[in-house]
């Protein structure tokens, strides 16, 4: 079964994390869901990264948003960063995630964009799991049908 590690930097990030978890579960993906801080619990986070069997990591963080970069520096698996709107309209977190140094990439979605984070993880996993590709096609078809309508 495909597996994603979903890590939020604090309990206040659950509003985004819970949405990500729910979308992934709807696609039939196993989710390891934890709270770790790159600054407050670095040893515990590093131990978790080393033992995790997840194929993709999603990290939700605000402010300095060091969490996705911390994870990326300790694994070769794909890392998706989700910046949170905490201060400065989320631009501080967005830039922290998007401006990773060369050699340690982190994919970055929009501020508080749980949907795109989950779907990007599904797209990555669909490269290995054909059943996810089919589910993504069905999802996009439902989305297309719900958006294309005549306005009277």
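Every number in this text was worked out from the coordinates using simple rules, so none of it is lab data. Everything numeric here is computed off the predicted structure, so don't read it as measured data.
On C-alpha positions alone, give me the angle between the axis of helix 14-26 and the longest principal axis of the chain, in degrees, nearest 10.
50 degrees
Looking at the square roots a ≥ b ≥ c of the eigenvalues of the Cα gyration tensor of region 69-152, which shape do they give, rounded for a/c under 1.5, prolate if a/b is larger than b/c, or oblate? Mind dumping the intermediate values first?
Values: a/c = 3.72, a/b = 1.39, b/c = 2.68.
Since a/c reaches 1.5 but b/c is at least a/b, the shape of region 69-152 is classed as oblate.
On C-alpha positions alone, give me the angle between the axis of helix 130-147 and the longest principal axis of the chain, in degrees, nearest 10.
60 degrees
Just the ratio, please: alpha-carbon radius of gyration of the chain over 2.2 N^0.38 Å, N its number of residues. If you can, show how the numbers build up before the last one.
Details: Rg = 15.7 Å, N = 152, 2.2 N^0.38 = 14.8 Å.
In units of the globular-protein estimate, the chain measures up at 1.06.
Test of understanding: what is the full-extension gain from residue 133 to residue 147, defined as 0.36 nm times their sequence separation minus their Cα-Cα distance? Please report the intermediate quantities before stating the final value.
On the way: separation 14, 0.36 × 14 = 5.04 nm, distance 2.11 nm.
Difference between extended and current length: 2.9 nm.
Could you give the length gained by full extension between residue 1 and residue 116, i.e. 0.36 nm per residue of separation minus their alpha carbon distance, to one decimal place?
Details: separation 115, 0.36 × 115 = 41.40 nm, distance 2.11 nm.
Difference between extended and current length: 39.3 nm.
With the Cα gyration tensor of region 26-70 giving a ≥ b ≥ c as the square roots of its eigenvalues, does the rule (a/c under 1.5 for rounded; else a/b larger than b/c for prolate; else oblate) give rounded, prolate or oblate? Spell out each step's value before the answer.
Numbers: a/c = 2.43, a/b = 1.45, b/c = 1.67.
In terms of gyration-tensor shape, oblate.
Normalising by the residue count of the chain, find the relative contact order in percent from Cα pairs under 8 Å and 6+ residues apart. If you can, show how the numbers build up before the last one.
Details: 281 pairs, mean separation 33.3, N = 152.
In percent, rounded to a whole number, it is 22.
On a 0 to 90° scale, report how tilted helix 42-51 is relative to the longest principal axis of the chain, with both axes built from alpha carbons and the result rounded to the nearest 10.
Orientation of helix 42-51: about 50 degrees from the principal axis.
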